[in-house]
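Down below is the structure, laid out as structure tokens.
The values are calculated or read from the model by the stated rules, or taken from the named source; none is laboratory data. Nothing here was measured: the structure is a model prediction, and the numbers come from that model. Reconstructed Cβ throughout: ideal geometry from the backbone, glycine too, with neighbour counts over all protein chains shown.
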Amino acid sequence: MVCDGFLGLAASTSVGLGVPNIAIATVPGHTGVQSKEELRGNILGVTMDEIVDNLTREPETATQETEPGAYDIVVKGGFEEVNRYFYEHALSDGLPVVPPTRERVEQFLRFTDRSPDEVLGILLPDSRAATIWSIAVNGVMAGCRPEYMPVLVALVEAMADPYYGVEHSGNTPGGETLIVLNGPIIKELGFNYTQGVMRDGFLPNTSVGRFWRLYLRNVAGFLPHKNDKATFGNTWRVVVAENEDVVKELGWEPLSVDMGYAAGDNTVTISRFTGGNHISSISGSTPEEMLPYLADAVVRQYSWQLMFTVGQGMGTLRPLVLLGPIIARTIARWGWSKQQLKQYLYDHARLPARQYERILRDWTMKPTWNLEEEVRLGRVPKAFFESSDPKRMVPLVWEPDDYMIVVTGDPARNSAYVFAHNGVLGYPVARKISAPPAVFRRRVQKKEEHVATP
Amino acid sequence: MASNDGYYEALWPRSPRQVQLKPLAKRLDTLEGKTIAQLWDFVFRGDEVYALLEEGLRARFPNIRWVSYKEFGNTHGGEEREVVASLARRFKELKVDAAISGMGC
């Protein structure tokens, strides 16, 4: 059963799942805005007959559409002609792409040891193979440099991780992935990790961010008006690199360590966020003076997303806070670790229980009717029902480590940025970048020298 | 005037689908006396929709039998993979003849 607005999505998704002829019953309009009488009329007057028909009438025979082969050239011509073709065939994001020629793709392949045919995973909803070759092709299109290839491969490995849940990338809130980069590769490839870190204008940050969205489109299959049902959507985000110089100076660990890797490893961490906000002018000379404002700001980013804490996602909400370096320095100089900061946010970024239940039960009709019952059934931690007082304050997340902290941005400004997470529909996943580009660069140079030697 | 548009042979940026067409189950001759499973993603008023369907279809097929969504759990959420993976086994155990899934809204 799907509402009117999802018939197109159902038609697209069913192809990727191998059941293009699956029977769909229509629910007229949207159930969320109908009175009980309207819903009754629609279900008994329309949906029910279609269900009976769907269950008793043999479906039409399905046919499989033909497509180009993995290595096929699909268009030959000038820059404009190639771009027109890509746009008209829904293969680009609307901006001009760098034509992916075999020569350019092979330049990218020199920066990986892996076979072009290697499959990193099968990406839903289109069920296409995430191959090294397709990564190179989309990397070229996005305007990446060949030496970014190891980063791109790690990103697609992360995208294919079931914990991330790529199949949800076209869901209603239109959340967008944020890529956080850690390790020496930040400086090696020239990523911006200081002022304007989320602004376009820096080739690696911008082109790798664009690659992510092109890959979601071309290989996973998320096209607006088809498999991508974002109500409003977001454009892709540029890569955020952490300021590891400051992290080291403070004696803190970078995000890569929180994600299970060693300090100094080159890693990518992906998570989907439905929005966020700049938290301006965080003032004070001690953590106690600064942090009430930050905790309050974190709470203000969260509404319906609480369904990922209690309800649909059950403990999968992972707020991300980008801390400006001088904020982090001010907190750390009083001996605070990153863990203490997370604990503070867990203890102080809280909502009245009444508000929790009102958002999930009364306003958005999400399946959390009552925190007391969830605790009684052992489905959520006891912190969500420590008393029956409806004004009691309950946390946004299950445990302090659910908070993710990244030090980045303008080194001279006292601001932060808080992201609203999309829970299980884009759960944080990290991957180590297999080898730094310098290794491959040396190999490429050696090969070229060898060829040039008579 | 000479063109600066260049010449390119551009590759396909997708990759082949890895899924084959799957046969659908044979349809039922009637819903009378049959067991129908309810699958729900726990959003968009599916609980009310299934209550309405039970009422409406029981009037047309008095011996229809329902297996509630409560038997299967949430098909969209933290445990969705486990829930979906268990369906074939659960359908056999519960002698389910057909299933309805919602709500895609």
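Structure values in brief
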{"quantity": "Top-ranked residue of region A:284-340 - restricted to ones that are in contact with a helix residue (DSSP H, G or I) (Cβ under 8 Å, 6 or more places away or on another chain) and of a type in the set (Phe, Trp, Tyr), ranked as farthest from the other protein chains (Cβ to nearest Cβ)", "calculated": "A:TRP334"}
{"quantity": "Filter pass, A:GLU60 being of a type in the set (Asp, Glu) and either in contact with a His (Cβ under 8 Å, 6 or more places away or on another chain) or modelled with pLDDT under 95 (or both)", "calculated": "yes"}
{"quantity": "Test set (1) among the aromatic types (Phe, Trp, Tyr); (2) at the interface with chain A (Cβ under 7 Å from one of its Cβ atoms); (3) surrounded by 20 or more Cβ atoms within 10 Å (Cβ to Cβ) - B:TYR7 fails condition number", "calculated": "(3)"}
{"quantity": "In region A:100-112, residue surrounded by the most Cβ atoms within 10 Å (Cβ to Cβ) [restricted to those that are touching a residue at least 60 places away in the same chain (Cβ under 8 Å) and either under 26 Å from the mean Cα position of the chain (by Cα) or part of a helix (DSSP H, G or I) (or both)]", "calculated": "A:PHE111"}
{"quantity": "Among the residues listed as A:SER281, A:SER271, the single one being on the phi > 0 side of the Ramachandran plot and touching a residue at least 40 places away in the same chain (Cβ under 8 Å)", "calculated": "A:SER281"}
{"quantity": "Criterion violated by A:ASP389 - all others in (1) surrounded by fewer than 17 Cβ atoms within 10 Å (Cβ to Cβ); (2) out of contact with any Ser or Thr (no Cβ under 7 Å at 6 or more places or on another chain); (3) at pLDDT below 95 satisfied", "calculated": "(3)"}
{"quantity": "Within region A:224-264, considering residues that are under 16 Å from the mean Cα position of the chain (by Cα), assigned to a loop (DSSP other than H, G, I, E, B) and of a type in the set (A, V, I, L, M), the one nearest to A:LYS432 (Cα to Cα)", "calculated": "A:MET259"}
{"quantity": "Per-region count, region B:65-85, residues touching a residue at least 24 places away in the same chain (Cβ under 8 Å), within 26 Å of B:GLU55 (Cα to Cα) and part of a loop (DSSP other than H, G, I, E, B)", "calculated": "4"}
{"quantity": "Residue list for region A:10-23, restricted to those being under 25 Å from the mean Cα position of the chain (by Cα) and either in a loop (DSSP other than H, G, I, E, B) or facing chain B (nearest Cβ under 7 Å) (or both)", "calculated": "A:ALA10, A:GLY16, A:LEU17"}
{"quantity": "Count - residues of region A:130-148 that are among the aliphatic types (A, V, I, L, M) and touching a Lys or Arg at 6+ places or on another chain (Cβ under 8 Å)", "calculated": "3"}
{"quantity": "Some residue of region B:86-97 being more than 17 Å from the chain's Cα centre (by Cα), crowded, with 19+ Cβ neighbours inside 10 Å and in contact (Cβ under 8 Å) with a residue 24 or more places away in the chain", "calculated": "no"}
{"quantity": "Sole exception among (1) surrounded by fewer than 16 Cβ atoms within 10 Å (Cβ to Cβ); (2) assigned to a loop (DSSP other than H, G, I, E, B); (3) not hydrophobic (A, V, I, L, M, F, W, C) for A:GLU373, by number", "calculated": "(2)"}
{"quantity": "Any hit, region B:49-59, residues being over 26 Å from A:VAL33 (Cβ atoms) and out of contact with any strand residue (DSSP E or B) (no Cβ under 8 Å at 6 or more places or on another chain)", "calculated": "yes"}
{"quantity": "Residue ID - nearest to the other protein chains (Cβ to nearest Cβ), chosen from residues in region A:411-441 that are among the aliphatic types (A, V, I, L, M) and surrounded by fewer than 18 Cβ atoms within 10 Å (Cβ to Cβ)", "calculated": "A:ALA435"}
{"quantity": "Residue that is in contact with a strand residue (DSSP E or B) (Cβ under 6 Å, 6 or more places away or on another chain) and either over 23 Å from A:THR177 (Cβ atoms) or buried (at least 22 other Cβ atoms within 10 Å of the Cβ) (or both), where the choices are A:THR408, A:THR330, A:THR364", "calculated": "A:THR408"}
{"quantity": "Enumeration of residues in region B:50-65 that are buried (at least 17 other Cβ atoms within 10 Å of the Cβ), under 20 Å from B:GLY104 (Cβ atoms) and either more than 8 Å from chain A (Cβ to nearest Cβ) or under 15 Å from the mean Cα position of the chain (by Cα) (or both)", "calculated": "B:TYR50"}
{"quantity": "Among (1) at the interface with another protein chain (Cβ under 7 Å from one of its Cβ atoms); (2) on the phi > 0 side of the Ramachandran plot; (3) surrounded by fewer than 18 Cβ atoms within 10 Å (Cβ to Cβ); (4) not β-branched (Val, Ile, Thr), the one test that B:PHE44 misses", "calculated": "(3)"}
{"quantity": "Which numbered condition A:ARG358 fails, given (1) within 14 Å of A:MET307 (Cβ to Cβ); (2) at pLDDT 95 or above", "calculated": "(2)"}
{"quantity": "Residues being part of a strand (DSSP E or B) and over 27 Å from A:ILE270 (Cβ atoms) - total across region A:376-433", "calculated": "2"}
{"quantity": "Residues (of a type in the set (Gly, Ala, Ser) and away from chain B (no Cβ under 13 Å)) located in region A:118-173", "calculated": "A:GLY143, A:ALA154, A:ALA158, A:SER169"}
{"quantity": "Residue within region A:284-292 that is of a type in the set (D, E, K, R) and surrounded by fewer than 22 Cβ atoms within 10 Å (Cβ to Cβ) present", "calculated": "yes"}
